[in-house]
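Notes follow the structure.
The values are calculated or read from the model by the stated rules, or taken from the named source; none is laboratory data. Please read all numbers here as calculations on a predicted model, not as lab measurements. Neighbour counts are summed over all protein chains in view; Cβ atoms, including those assigned to glycine, are modelled from backbone coordinates with ideal geometry.
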Ligand SMILES: Nc1ncnc2c1ncn2[C@@H]1O[C@H](COP(=O)(O)OP(=O)(O)OP(=O)(O)O)[C@@H](O)[C@H]1O
Ligand SMILES: [Mg+2]
């Protein structure tokens, strides 16, 4: 052990003698390890850290699926209660709905997102409060006015005052007693800031329901999270629920025939969408680290060559190859340790930067931090890097530090080591090519995504969520409110057109219904039922959005009364379900017949990358909901439009609070935030990788030219032209580039399948992207070799005459 | 003038000034010299007197600061780089003090190198390389790498490389400087043999014993020719 300490002392001294080399190596390592550790923190926080629930692996989400297209949807109260009672595979199932509500203690109300949950909600999750208590099916009755606050809401809205527990706060004007505060890392769902106990055994319906809520089967609005019975797997639960679905279908053929359940682990629901994306990013940053390390290994190799004499003297003095190898290894581990320590600092900066860049759609962002796990990761990576990339130089040096080096003044060919360095450079170039290819196709995909014609004109449109308290607005009042607010806005000189709509554009919510057609779509049986999306709009909606009418007309006030039968469909509906042609006047049946009075162009509804689905629009009086999106197109700038909206809302409902308005452009952009983040980050990594690989190539070629100075001088003396020397060096460098490029392209093609699921209408092996990539890499390769090549050309042939 | 152009080499007032850190070093201060075909010239003088500088100019590795240089009747002092490379390749054969064999190339490939630069066909190259290696007695080592040869053997290969292209003149700078006396003698014998066969040789040496091998001895001092003795030929 003292031997190693001696080695360490020697090593540090030897490194101190080469401060330039040291600074470069440590900085490279710190950047590489720092970036990797920051990315690791994200991957760990989002994907790997256990969910903040007891035994999260036995938690599943349950959906009810539609007859026909099998689309997953929410559960209705009766189906939820049946499942709760009869599904053997589930220990317990909790239901909840998302609510937005004005929350206040003493001060002004703040609008927060929360959940209205069944009493067993926290029992199912197995979560405990940090302060106070959670509610529980055992101790609390539906209707007890209890609320549990999230840590964030408690800190921001209630000043982290622990005495709030037990006190009463107001949610949309109603009194609730605060039962407890959840721990900081608890989140279900991502955005919920409070959980209030439902007034009945199921959460309140978002729409007014006549009759007994508990027997309602047709309207699904509950999200369900369930804990599977001990020893039951997800697929066993799915099989059990399939049987239950068939039973329910037989029992209630009108409502439940053909419908099923879908089960998914909670983990998948939460992180399923971003998993691939984050792993690709982690892979990319890992590749950058690998390239950085390769540069260090290459530097170490070059350094070992320069120290051949010193090492040979050590050997001559009796040091065995193991001693010499160990000495070099200790040096490289010392370097890596310094790089790793600095890397942790870099990681904390990088993580701060990442936090601001990460799109809000990534779940569990709050769980990301540079904690002990991340530091341990950085330390592990450093040690690995030190050992792995110190071993090669140590090995070759120890093996060749023989007396030969003393005899010939260290001038015999260093072929073996150069070959190893060349191999490293080829590897770097290949990795950089893979990253560039990934960045290229992700960029091409993003470009396609941004070129997508969404089917409406988002510029100049401001939207605002309107939620009306059902306690004060019955259906008729809701409909009147939508009509008067849009009419008031339409009369405003700053406004071009105004309408309300449900579902809101580019927000993931939807309504659907089962319909029959006057004539079934070609090839379908006459009695075929179709599940289609429904929209509820006021007449100005299409004009406000900029969705063109293709045929017929938009709604007019005569369509409003219950006796009217007007419906508007989009083009996808007209061609796919109605067989195209002139569809005006065709009849759709649900709750009675409706006549098609207009056809609008297709518009993307929720995401830029999802093509329009068939949708049928009803007047707001026929499908009336307490929450809609107000959509207003202005021509005096968004600020003026906002003012007009605020003024109209003040005039129509002076005592109501509303969510802040958002521009439609921002909503649309939000749906491409993740691909933009992903491709931006990968492009950044690829640029760094390319730079590092170019540096590696430059280092190798310059070093090789330097080492061959005498050889090149001799060749010049023998009659080689300077230009041919330059060409030779360029050829050497470009050969490495081409070999690396070919290896990289091969790897990129193989790796393409991993990326494919992240791409929009772009092939992972897009030949144009790969072609551009090849050109870029060749150009960078030529650039990296140009200076050393020029140096080779200008070597003074007189050097050949000099004795050593 | 017509007389001098018939010389293989004619130097007229060659000067060489090196500028380093604003210090001027006058390495050569007006050299006038003729070398005829078939001559064996030894250049000697104290260290730093300009021998290597002169050889570099003779071999077109460097250009003079002033003066004129005719090689084989052609003005070469101010030729552009690529032309100089061509002339060097055809007219000059170099033998270096530190051999300068290329470590990654075999003995055969080292000798072949100047012929490749000349653009010679493979067949002709093979004949020339083999003949040159025969001549220096290294044909049996054609496939070896330089690191597998002794110093004397390496220098013989270097001589083979210098003569393979049948240049007009062989230029040697201290060809025995890195060799022990036995190997040094062997190389000198080889040069004398080449001279007998008609080669023109210009050799820098500060060893009077080796200078005596030549039939003309030029002494430099401080960048000037101070003595030029032609040994009387019996
Ligand atoms: N590239 C150069 N830059 C500056 N000065 C130079 C350069 N080459 C040679 N000199 C100087 O020119 C003078 C002549 O050098 P040269 O190498 O020709 O001497 P030499 O006679 O060959 O000596 P030696 O017997 O030691 O080899 C010396 O003073 C030397 O320092
Ligand atoms: Mg000299």
*In the range B:36-59, what residues are under 15 Å from residue B:219 (Cβ atoms) and away from ligand 2 (no atom under 14 Å from the Cβ)?*
B:41
*Inside the range B:154-174, can you point out the residues that are within 11 Å of chain A (Cβ to nearest Cβ), in a helix (DSSP H, G or I) and either over 19 Å from residue B:200 (Cβ atoms) or within 16 Å of ligand 2 (Cβ to nearest atom) (or both)?*
B:154
*So which residues in the range A:549-564 are under 14 Å from residue A:617 (Cα atoms) and surrounded by fewer than 17 Cβ atoms within 10 Å (Cβ to Cβ)?*
A:549, A:553, A:556
*Does the range B:60-69 hold any residues that are touching a residue at least 40 places away in the same chain (Cβ under 8 Å) and out of contact with any helix residue (DSSP H, G or I) (no Cβ under 6 Å at 6 or more places or on another chain), and which are they?*
B:65, B:66, B:67, B:68, B:69
_What pairs come out if I take residues in the range B:34-59 that are closer than 16 Å to residue B:93 by Cβ and pair them with residues that are part of a loop (DSSP other than H, G, I, E, B) and near ligand 1 (Cβ under 10 Å from one of its atoms) whose C-beta lies under 6 Å away, six or more apart or interchain?_
B:56/B:62
_Quick check on the range A:25-35. Is at least one of its residues surrounded by fewer than 19 Cβ atoms within 10 Å (Cβ to Cβ), under 30 Å from residue A:299 (Cβ atoms) and either modelled with pLDDT of 85 or more or in the same structural domain as residue A:524 (by TED's automatic domain parsing) (or both)?_
yes
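In the range B:187-227, which residues are in a strand (DSSP E or B) and buried (at least 16 other Cβ atoms within 10 Å of the Cβ)?
In the first step, residues of the range B:187-227 are kept if they are in a strand (DSSP E or B); the result is B:201-204, B:216-221, B:224-227.
Passing the criteria: B:201, B:202, B:203, B:204, B:216, B:217, B:218, B:219, B:220, B:224, B:225.
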_With the requirement that a residue be within 35 Å of the chain's Cα centre (by Cα), closer than 26 Å to residue A:665 by Cα and touching a residue at least 60 places away in the same chain (Cβ under 8 Å), what does the range A:544-593 give you?_
A:544, A:545, A:546, A:547
*When you go through A:152, A:180, A:166 one by one, which is the residue that is in the same structural domain as residue A:221 (by TED's automatic domain parsing) and at pLDDT 95 or above?*
A:180
_Take residue B:67 and tell me if it is more than 28 Å from residue B:152 (Cβ to Cβ), away from ligand 2 (no atom under 16 Å from the Cβ) and outside any loop (DSSP other than H, G, I, E, B)._
yes
*Report yes if residue A:796 is closer than 22 Å to residue A:738 by Cβ and either away from ligand 1 (no atom under 16 Å from the Cβ) or within 14 Å of chain B (Cβ to nearest Cβ) (or both), otherwise no.*
no
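Results for (1) modelled with pLDDT under 90; (2) within 16 Å of residue B:51 (Cβ to Cβ), shown as yes or no for each residue.
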{"site": "B:138", "(1), (2)": "no, no"}
{"site": "B:141", "(1), (2)": "no, no"}
{"site": "B:157", "(1), (2)": "no, no"}
{"site": "B:172", "(1), (2)": "no, yes"}
{"site": "B:188", "(1), (2)": "no, no"}
{"site": "B:211", "(1), (2)": "yes, yes"}
{"site": "B:224", "(1), (2)": "no, yes"}
*Qualifying positions in the range B:35-70 - buried (at least 21 other Cβ atoms within 10 Å of the Cβ), more than 13 Å from ligand 1 (Cβ to nearest atom) and either within 14 Å of chain A (Cβ to nearest Cβ) or over 16 Å from residue B:9 (Cβ atoms) (or both)*: B:60
*Count of residues meeting criterion [touching a helix residue (DSSP H, G or I) at 6+ places or on another chain (Cβ under 7 Å) and within 14 Å of ligand 1 (Cβ to nearest atom)] in the range B:204-234*: 4
*Which one of these is touching a helix residue (DSSP H, G or I) at 6+ places or on another chain (Cβ under 7 Å), assigned to a helix (DSSP H, G or I) and modelled with pLDDT of 80 or more: A:356, A:373?*
A:373
*With respect to residue B:223, is the statement that it is farther than 17 Å from residue B:96 by Cα and within 17 Å of the chain's Cα centre (by Cα) true?*
no
*Has the range B:138-153 got at least one residue that is in contact with a helix residue (DSSP H, G or I) (Cβ under 8 Å, 6 or more places away or on another chain), within 22 Å of residue B:61 (Cβ to Cβ) and more than 14 Å from chain A (Cβ to nearest Cβ)?*
no
*Looking at A:758, A:736, which one is surrounded by fewer than 24 Cβ atoms within 10 Å (Cβ to Cβ) and either modelled with pLDDT of 85 or more or within 30 Å of residue B:86 (Cβ to Cβ) (or both)?*
A:758
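Could you go through the range B:9-18 and let me know if any residue there is farther than 24 Å from residue B:82 by Cα and either within 14 Å of ligand 2 (Cβ to nearest atom) or in a strand (DSSP E or B) (or both). Before you say what the answer is, go through the steps one by one.
So in the range B:9-18, the residues farther than 24 Å from residue B:82 by Cα come out as B:13.
Subsequent filtering for residues that are either within 14 Å of ligand 2 (Cβ to nearest atom) or in a strand (DSSP E or B) (or both) retains B:13.
Taking every residue of the range B:9-18 in turn, at least one turns out to be farther than 24 Å from residue B:82 by Cα and either within 14 Å of ligand 2 (Cβ to nearest atom) or in a strand (DSSP E or B) (or both).
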_Single condition residue B:95 does not satisfy, out of (1) within 16 Å of ligand 2 (Cβ to nearest atom); (2) facing chain A (nearest Cβ under 9 Å)_ = (2)
_Of the conditions (1) out of contact with any strand residue (DSSP E or B) (no Cβ under 7 Å at 6 or more places or on another chain); (2) part of a loop (DSSP other than H, G, I, E, B); (3) closer than 24 Å to residue A:212 by Cβ, residue A:85 satisfies every one except a single condition; which number is it?_
(2)
*For the range A:768-778, state whether one or more residues are in contact with a strand residue (DSSP E or B) (Cβ under 9 Å, 6 or more places away or on another chain) and either more than 16 Å from ligand 2 (Cβ to nearest atom) or in a helix (DSSP H, G or I) (or both).*
no
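When you scan the range B:71-85, how many residues do you find that are within 16 Å of residue A:720 (Cα to Cα) and either buried (at least 18 other Cβ atoms within 10 Å of the Cβ) or within 16 Å of the chain's Cα centre (by Cα) (or both)? Outline the logic, then answer.
Within the range B:71-85, the subset within 16 Å of residue A:720 (Cα to Cα) is B:79-85.
Next, only the ones that are either buried (at least 18 other Cβ atoms within 10 Å of the Cβ) or within 16 Å of the chain's Cα centre (by Cα) (or both) stay: B:79, B:84-85.
Looking only at that region, the number is 3.
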_Criterion violated by residue A:71 - all others in (1) out of contact with any strand residue (DSSP E or B) (no Cβ under 6 Å at 6 or more places or on another chain); (2) modelled with pLDDT of 95 or more satisfied_ = (2)
*Output for the range B:175-185, where each listed residue is in a helix (DSSP H, G or I) and crowded, with 18+ Cβ neighbours inside 10 Å*: B:183, B:184
_Here is a check on your reading of the model: is residue B:115 assigned to a helix (DSSP H, G or I) and either away from ligand 1 (no atom under 16 Å from the Cβ) or over 28 Å from residue B:183 (Cβ atoms) (or both)?_
yes
*Please specify each residue of the range B:20-34 satisfying the condition of being more than 15 Å from ligand 2 (Cβ to nearest atom) and within 14 Å of chain A (Cβ to nearest Cβ).*
B:20
*Residue check: is residue B:82 within 13 Å of chain A (Cβ to nearest Cβ), near ligand 1 (Cβ under 9 Å from one of its atoms) and assigned to a helix (DSSP H, G or I)?*
no
